[in-house]
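J.: I have a structure here, written as structure tokens, and I will follow up with some questions on it.
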Amino acid sequence: MCWRQPILLVVSMNKYVLVVTKSTVPVGTAQKVKSAIQEELDKRNILIEFDVASNPEFLKEGDAVDNFMKLDRVVVDMESEKVKGIMERLVKPFIMNNYRLIFTDITSAEMIKYAANSMLDTRISFMNDIANHCDLFGANVNF
């Protein structure tokens, strides 16, 4: 996280804010973001309630817009009922047909994204290995 981001956020905060990370981030990032914002608020003697949530995306390359409009699953940390309510209202319109809204703690939300990426990497590596064996033995990989 850039050192200026908490300062800019705190300067513009005048009421409750929910900060949501969407990217694949190292486990523990949300806690660092929360600490940085709180540190800046403390330096300025500002008492404003805020929450930090992790909402990793599960989008397929080349289909991002369609995937976003028809979300397969939504993982959100449930640090508080307030976060749960806000995130539920935000994403519910996009998951009406396949309502898979998973609430977990923030560290687990960050870890779930790594696990999903690792599973995808494993599947791709496995299929590449099968294709290589098919080439080696003259088998047809398409069957």
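Readers should treat all values here as calculations from the given coordinates under stated rules, not as data from a laboratory. Just so it is clear, the structure is predicted and the values come from calculations on it, not from any experiment. When we count neighbours, we look across all protein chains shown, and the Cβ atoms used for this are built from the backbone with ideal geometry, even at glycine.
J.: Taking a 20 Å limit on the Cα-Cα distance, which of the listed pairs 15/82; 34/92; 15/84; 34/82; 82/113; 22/43 fall beyond it?
T.: From the list (15/82; 34/92; 15/84; 34/82; 82/113; 22/43), the Cα-Cα distance tops 20 Å for 34/92; 82/113; 22/43.
J.: If you don't mind, another one. Which FRET efficiency value, to the nearest 0.05, is calculated for residue 91 and residue 17 with the Förster distance at 22 angstrom and r the Cβ-Cβ distance?
T.: Values: r = 18 Å, r/R0 = 0.82.
It comes out at approximately 0.75.
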